[in-house]
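Before any comments, here is the structure.
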Amino acid sequence: MTSIGIIGAGVAGLHLGLHLRQQDLDVTIYTNRTAEQVRDGKIMNSVAHMSATIDIERELGIADWPDIDAEYSKHYHYNGWGEERRFEGSFEKPARILDYRIYLPHLMGEFERRGGRLTIQDLTVAEIEQLTDVHDLVVVSTGKGEIGALFPRREDKSPYTSPQRKLAVGFWKGVAPREPRGVEISIVPPAGELLVLPMWSFSGPVHALLFESLPGGPQEVLTDRRYEEDPAAYRELVLQILREFHPTVFERVDEAAFELQNGALDILQGAVTPVLREDFVLLPNGKYLLALGDVHMTVDPVQAQGANSAAYSAKVVADAISEDHVFDERFMRKVARRRAERLEAASDWVNTIIQTPPAPQMPQLLTEMVRNQALADRYTENFNYPIRQIDLLATPERAAAAIADTSNR
C-alpha cells in the first residue's frame, strides 16, 4: 500500500490526511502537539473559512457543526479615503470563523477515527529526510527556521524581506455584532487596518480584533506593548486606539463588558514576512519533499487567504496522488502547475493590499465601492476566488476596467 508521511497538523496537513484516508492510503501525520495541547493552548490565528473552503470540508465530511453558530455573510467597510467612508459587500454563500483550538483537535480526532496515524514528535531536518526512506512520499506542511529553509524562496513572488504589518489579535467579549452578521474592515492609512471577526470560541460568540499595524505608525504599540506585563493597561490602550482611529468599531463596544475571553491565552502578538517558496526539493538520497501550507506560502492574514489557500492546495495534492503514485520530478511539477495560478494570485493580491505607500488603485477602488454596490459585492465574493480578485485590482488599469464594468449595474 502507498504510504504518505505528512509533517504538520494544521489545516493543510489535516485536510490532506483526510483526503488520503478517503483514498484508503496509509497516512501518518507528524506533529509536535497533542489534540489536548492544542485545545488548551494559546490562540494561533483568527482564520475565516470562505464558502469555497467549506465546500471542500463538505467533501471531507467535516463541514457540519450543529451546535456552533459561526457563519457570516457580509463585509462591512470603513474606508480611510474620501468623504463618504462606509460601505458593505455581500457573499453569495456564508463564510465561517471557528476557533482553531476547537477546529483542529476535532480534525485530529476524525483523522485517527478514520484510520490515520498521528505521531507526536518534534522533527529535525535530518529526521524528516530519514522519513523519505519510510514513506513513498513526504509532504512538509509546517516548520520554521531550517525546515522552512529546505524550500528555496521564490524571489519573483516574494517582494518583501521583512514584515509589512505588526500584528495583534485577541478574542474579545463586549463587542456588539453587526446585523446581518459580518466581518468589519476598518482602514485608516496612518495606522493600518483593523479586522473585527465574529467567531465561535469556547464561551460561544466572541469577536477577534485583528490589528494590522503599519511599522512606525500609531497603532503598532498594540504589538510592541506586551499584554502580560499589564493586562488592564493593555485593555485601555486597545480602547484608546479604537476611539481614535476606528470609530465604527468603537461604537460597538460595551466598555463594561470589554475583556479578553481567557486572558493571556487569547491574545497573539507578532509579525510575519510574506514569502512564496519552491514547490519541492530534491534530497541527496534522490527522494523529493513536497511543500504544502505555510511552508510553501506564507501571507499576511489581512485578506484571510492563508488557510483557504492551504485547503485548496491540499485538495490539489490529494487529487494528484489519486491518479499517480510515482512520486518523481514529473509528479512534483504536475502538482506545482495545477496549484500555481491560484496560489500565486492569492500571494500577489495580499502583497498588493499591504504595499506601503498604498498601491494607487486601492484608494480609487475602495472609494468607488461606497457608491457602487455591484463592485463592492464582486470584491467581497472574490475572497473565494483569488484569481478573479487579482484580475480586478492588480493595476490601476484593471481597477478602472472593473469600475467601468460595474458602474451601470
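Taking the DSSP beta bridges with both ends in the chain, the antiparallel portion is around 65 percent. A Stokes-Einstein calculation at 4 °C with viscosity 1.567 mPa s, built on the Kirkwood radius of the range 86-197 over Cα pairs, returns a diffusion coefficient of 67 µm²/s.
Starting from the Cα coordinates of the range 361-406, work out the convex hull volume and express it per residue in Å³.
On the way: hull volume 2.6 nm³, N = 46.
Taking only Cα atoms, the range 361-406 has a hull volume of 56 Å³ per residue.
What is the angle, in °, between the Cα long axis of helix 51-60 and the longest principal axis of the Cα atoms in the chain? Nearest 10 is fine, range 0 to 90. Relative to the chain, helix 51-60 is tipped by roughly 30 degrees.
In terms of other Cβ atoms within 10 Å, 366, 282 run from fewest to most in the order 282, 366. Here the Karplus curve 6.51 cos²θ - 1.76 cosθ + 1.60, taken at θ = phi - 60°, turns the phi angles of the range 101-118 into couplings of 6, 9, 5, 5, x, 4, 5, 4, x, 4, 4, 5, 4, 8, x, x, 9, 10 Hz, with x standing for Gly and Pro. For the chain, the share of alpha carbon pairs falling in successive 10 Å distance bins from zero is 5, 22, 32, 26, 12, 3, 0 percent. Summary of the geometry: the range 166-242 and the range 29-77, compared by the centres of their Cα atoms, lie 20 Å apart.
Phi angles of the range 162-176 translate, via the Karplus equation with coefficients 6.51, -1.76, 1.60 and θ = phi - 60°, into HN-Hα couplings of 8, x, 9, 9, 9, 10, 8, 10, x, 9, 10, 8, x, 10, 5 Hz per residue; Gly and Pro are given as x.
Sorting 371, 339, 39 on the 10 Å Cβ count, fewest up front, what's the list? Could you put the intermediate results ahead of the total?
Numbers: 371 11, 339 22, 39 17.
Fewest to most other Cβ atoms nearby, the residues stand as 371, 39, 339.
Here the 3J(HN,Hα) profile of the range 205-217, calculated from phi with Karplus coefficients 6.51, -1.76 and 1.60 at θ = phi - 60°, is x, 9, 10, 7, 9, 9, 8, 10, 9, 5, x, x, x Hz, Gly and Pro shown as x. At the listed q of 0.18, 0.20, 0.22 Å⁻¹, the Debye profile of the range 166-270, built from one uniform point per Cα, gives log10 I(q)/I(0) equal to -0.81, -1.02, -1.26.
Using Cα atoms only, what is the angle between the long axis of helix 231-245 and the major principal axis of the chain, expressed in degrees (0 to 90) to the nearest 10? Result, in degrees: 60. Listed by Cβ neighbour count within 10 Å, with the fewest neighbours leading, 183, 302 appear as 302, 183.
All of the numbers you see were taken from the coordinates with simple rules; none came from a lab. Remember, it's a predicted structure, so these values are computed and weren't measured experimentally. Quick reminder, even Gly has a Cβ in these numbers, built from the backbone with ideal geometry, and neighbours come from all protein chains shown.
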